[in-house]
Every structure is written in C-alpha cells, then in structure tokens.
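Accompanying notes for the structure given below.
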Amino acid sequence: REMAARGDWLTPHLNGAPYLNKPPLLYWTIALSYKEFGVNEWAARLPLALISLCGAALAWQWARELWGLRAGRMAAAMLSVAFGWYLFSHQLLIDLLLAALNLLSLYLLWKTAREPERRGRWAAFYAVIGLMVMAKGLIGLLFPLAALLLFALCRRTWGLLRQSRPALGLLILLAIVGPWVALLEWRNPGTLYYMLVNEHLKRVVGQRWPPDYSVVNVSAAA
C-alpha cells in the first residue's frame, strides 16, 4: 500500500520506515493490483490467488506431458487441495510465490535437460531463478541450482553442467537482480550488507537481529 501511495517502487516501506528484509517482487504485484483495482482486500489477495492458479496449471501441464491428460487433471487437483498450497494462497506471504517459481524452474530444468543444447531454455531457466531471487533473496538460487547438481549426480551426466551455460546464467541474473540492488544500495547505503549478512548469514546461525519475528528463532540448527 505504501509503495503504491508513495510511488516509490525501489524501496519498500512499512509504517513509513524502509523495510529491507525481503526483495520486492511480491510487493510489486500487490502494489500494481492496488493501482488497478483500488486499495482493498480483494486487490491485495488477487496476485497470490492468480499465482496459485498458475501453479496448478503448471502441475497439470507437467503431469500431462509425462503421463497423459488424466494424470494432469489429478496433479492439478492434488496440488490445489494440498494443505500448504491452499493455506498460503489465502495469506499474504512470499512462500507461495517462491514455491510456484521453484516449480516452474524445475519444469524448465526437466525440459532443458532433455535437450541441453537449446540455449533459449537455459535462458528461461536462469530468468526464473532471477525472479526467485527477487522474490526471497539468495534462497532463490539454492533450490534450482541444487536440483541441477542432484540431477547431474543421479543421472551421472556431468556434461550437463558444462552445457548449462553458467556464464549466460550469470549475465541473466545480473540483468534481472543487478539494477534493483545497485539502485537500492545507492538510495539506502548499507542495504546490501544488511540483506546478505543479517538476513542470510546471521539467520542461518540464529544470530539475526531482531530475532525471527520475536516468537521463534529460526536457524539451520533449530
């Protein structure tokens, strides 16, 4: 709401103060919805509802390609009524957006691994990773790249890593994430350190400040 009201699409704000805990992709979608439909609860929840439907459609498409139309319908239905998917599609949290993008990255990886010489599919795979980083930070790199490594390990197709065009991937990631990070750091000096160290490294070891939501301490150990 504050992003739409201020017209500041670079720095998210909460109660008038810069809110730099997370990248702005979800905030952008909700602010655009506010601009189009007005500031109301329906407009706030619309983006995640559409993201949820897109995830179900992707599950349908992937299962249909693997096992046929009936499997596609079952996959879409199972995902739609899964407790976590249903719950998070009704809450304004980033996790559903991250999960839908992760599902898309895995689908693209599956498609690309079958024809690794196709540069366009690798570009699409890395573009989705860039959106995942813009959704929730460096964890957006972890899931798809870990899947790529595990796929190569399980299939023993190490040549796939060479064919994955990492230089192209780095350029695409920099093109998607770099401008926002550079401008945000210019506008709010120290943001990059805060996001990388406090919101990632210190969080992993349970030293994030303030402690996670003042309710539960989330870390790699507990």
Exercise for the section: Roll a 1.4 Å probe over the protein chains and send me the accessible area per residue for region 119-174 in Å². Expected result: 55 Å²
Fill in the blank from the handout: Working note, region 60-167: Cα radius of gyration (Å, one decimal) and Dmax (Å, whole number) are 15.0, 42
Exercise for the section: Give the angle, between 0 and 90 degrees and rounded to the nearest 10, that separates the Cα long axis of helix 119-136 from the longest principal axis of the Cα atoms of the chain. Expected result: 30 degrees
Practice task
Work out the charge dipole of region 85-222 with +1 on the Cβ of Lys and Arg and -1 on the Cβ of Asp and Glu about the Cα centre, then indicate which of Met134, Leu196, Ala146 is farthest towards its positive end.
Solution key: Ala146
Problem - Bins of 5 Å, starting at 0 and running to the largest distance - Cα pair percent for the chain - result: 1, 6, 11, 15, 17, 17, 15, 9, 5, 2, 0
Problem - Degrees, to the nearest 10: 25-37 long Cα axis against longest axis of the chain - result: 70 degrees
Practice task
Using every pair of alpha-carbon atoms in region 43-105, split the distances into 5 Å bins beginning at 0 and state the percent of pairs per bin, rounded to integers.
Solution key: 4, 21, 28, 24, 14, 6, 2, 0
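Within the accessible area of region 100-222, what % is carbon and sulfur when the probe is 1.4 Å and the other protein chains stay in place? Present the calculation step by step, with values, prior to reporting the outcome.
Details: 5050 of 7220 Å².
Here it works out to 70 percent.
Using Cα-Cα distances under 8 Å and only pairs 6 or more residues apart, what relative contact order does the chain have, in percent? All intermediate terms of the calculation are to be shown ahead of the outcome.
Working: 239 pairs, mean separation 34.6, N = 222.
Here the relative contact order equals 16 percent.
Can you give me the % of accessible surface on region 1-74 that is carbon or sulfur? Probe 1.4 Å, all protein chains present, nothing else counted. All intermediate terms of the calculation are to be shown ahead of the outcome.
On the way: 2610 of 4220 Å².
Answer for region 1-74 is 62 percent, counting heavy atoms of protein chains only.
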Practice task
Quick one: angle between helix 139-155 and the longest Cα principal axis of the chain, in degrees between 0 and 90, rounded to 10, please.
Solution key: 20 degrees
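If we count trypsin sites (Lys or Arg not before Pro) as exposed when they sit in a DSSP loop and have at most 14 other beta carbons within 10 Å, what is the longest stretch of the chain that avoids them all?
Details: sites that count: Arg1, Arg118, Arg156.
By the stated rule (loop sites, at most 14 other Cβ atoms within 10 Å), 2-117.
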Problem - Charge-dipole axis of the chain as Lys and Arg at +1 and Asp and Glu at -1 on Cβ define it, positive-most pick from Ser52, Met74, Asn102 - result: Met74
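The values are calculated or read from the model by the stated rules, or taken from the named source; none is laboratory data. Computed from a predicted structure; not experimentally measured. So basically every Cβ, Gly included, is an ideal-geometry build from the backbone, and we count neighbours across all protein chains shown. What goes into the accessible areas is simple: the full protein's heavy atoms, side chains included, and nothing from ligands, DNA or RNA. Shrake-Rupley method; radii C 1.70, N 1.55, O 1.52, S 1.80 Å.
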